[in-house]
Amino acid sequence: MLSLSLSLTHTHRDTHSPTMDTLLHTPTSMAKRPCPIPSSPSTPPPNPNKLPNMNNQVGNLLQTFLNLADSHSLSIDQSFEHLLDSSPCDADQSLLIDRALKLGSLLLEAGNRSARKRSSFHNSLTWALPPDLTIKLFSMLDAQSLCYAAATCSMFYKCAMDPLCYANIDLTTVVPKVNNAVVSTMIQRAGKALRSLKLGIVPGPTLPHGSCQPLVYGIRNAVEVSNFSWNDKKTRQGKESSTLTRYCLTPLSGENGAAGAVLRGLHLYNIERIDNTSLCGALSACPSLLDLEIIGLHVDLRQTLVSVSMNCPLIERLFFESSKTGRDDSLKSSTCVDLVNNCPNLTSLALRGFKLYDYKLRILVKGFCKLKYVDFSTSYSITGSFLRNLGGDMGGSLLEVLIFRDCMHLKELEVARLFASVLAGDFRFLRYLDISNREGLAAAGDSYGRCYSLSIIPTKQVLEERPDICLLAEFPSEGSFVDLGQMTDSDLTSEVSLSSQLSSRASDGLSFMCTSEINYSSDQTSGNEEG
């Protein structure tokens, strides 16, 4: 969070309000005031040439009143009572009281207004940055800090209301704090300056782009990320539905879709009540979207990709992590073909936790000519056969990152073929490869067997010939995998400690470690058939 050092002027109010009383102090020897006579309609307007002189007289009179500000309030009260007693009738007394109140109010407003002007002038001298740089600085603050800055003084409030300060709205929180009204207000303030919007619950630190580790709520396989247990996380996540609802993205379509039309990035995390209809409606209002990240939403993969294909032709990054690991097998071949044809600029594709089949993935990886980043972590049914003959003229030649962490059915034989392709000169731009699996790779010729070593994979040769590749192959020792769902808290703590110790060991440039992540059940079959 950006820290601001402010030097601000503080104004003080006198609780006795001597200013108003001073205006009403008159000498006791003052003669009786005659009743006011209504002015005749024929009375000529004041001469403009005499206005400066009149202003000088008013100024002198105010100066006389202000010099009496230190007078005792009792003296002023007595003087005013004497003035009222000397009035001939009740109507005159009421008129005097009304005029006293009006004059005191006008002088009080003038004093407050002048105090604000002086404070703003002082702040402008003390604050070294001009307004444009102040706005730029405020645009780097998070939403809460920006609200605090706006409440500091009128100068900061004016800067904080600039639409550029709301160009990149990040309302993600550790616990539910944001509701639909807050989202709507922020989007309205941004207007056509809106560029990115992040909403939802992210209880752990946001991982950098390219990280192979799953996010916290999406797959439930991160253990110690925050200060509360998984049971607490489930409880807090449940409270989220009472704040952000399926209508939280409606402002993107408001005012003829002005805000959504210029949106470039949309990140949504664990908002339980967003459904297919609300998400697809929001995407239809975002034709300029470049970056879409969806974590833990209860939405259908096929419908979401259809909506992206129809409404977001410029998209470059698509990150989609399922809330129901392995149970969403809705993706169809025709959807993959449409996505490839309608979104040719895609360079980064992550589909994590879905039931995916190799021939569908081949359509995607081979079809996207600019694809550089691929992440299919924790996805079911992937054997790796879709990578055959890729990495060269057949497609996938620009791939820089391949992540297949914890893909249940990834076969040892297909990984060996991938490594052979790398040695043959394919995948020339590959810089990062993750084939780690907490249950080991699927054995060749035995869908139920597991491999916990790289006996047939030429890892050492690849590392020698391609030292520019970062290769991760973390596997448990044979028979050491433990179902976290059956572990106690003490077992979990010790297992996490063991994991951190083993992760520092290396062999032939690879890291092998015993993981302690939550096991997901599987039917142990590759399942490469149309679902």
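Annotation: amide H-H contacts under 5 Å for residue 450 (H modelled 1.01 Å from N, sequence separation of 5 or more, or interchain): 443. By a 1.4 Å probe calculation restricted to protein chains, residue 72 has an accessible surface near 130 Å², given to the nearest 10.
Taking all protein chains into account, the per residue accessible area for the stretch 72-206 stands at 57 Å² (1.4 Å probe). Once the Cα-Cα distance is subtracted from the 0.36 nm per residue extended length, the residue 188 to residue 477 segment shows a gain of 98.5 nm.
Look at the alpha carbon pairs under 8 Å that are at least 6 residues apart: their mean separation over the length of the stretch 297-418 gives a relative contact order of 22 percent.
In this structure, the pairs whose alpha-carbon distance is over 26 Å, taken from 411/460; 192/332; 372/411, are 192/332.
Over what distance in Å are the Cα centres of the stretch 318-358 and the stretch 84-154 separated? If you average the Cα positions of each part, the centres end up 57 Å apart. Quick one: if the Förster radius is 30 Å, what FRET efficiency do residue 63 and residue 91 give, using the C-beta to C-beta distance and rounding to 0.05? That gives a FRET efficiency of 0.45. In a fully extended conformation the segment linking residue 327 and residue 284 would gain 12.9 nm over its present Cα-Cα distance, using 0.36 nm per residue.
The values are calculated or read from the model by the stated rules, or taken from the named source; none is laboratory data. Bear in mind that the values here come from a model prediction, so they are computed numbers and not experimental data. Cβ coordinates were reconstructed from backbone atoms using ideal geometry, including for glycine residues, and neighbour counts include every protein chain displayed. Only protein heavy atoms, including side chains, enter the accessible area calculation; ligands, DNA and RNA are left aside. Shrake-Rupley method; radii C 1.70, N 1.55, O 1.52, S 1.80 Å.
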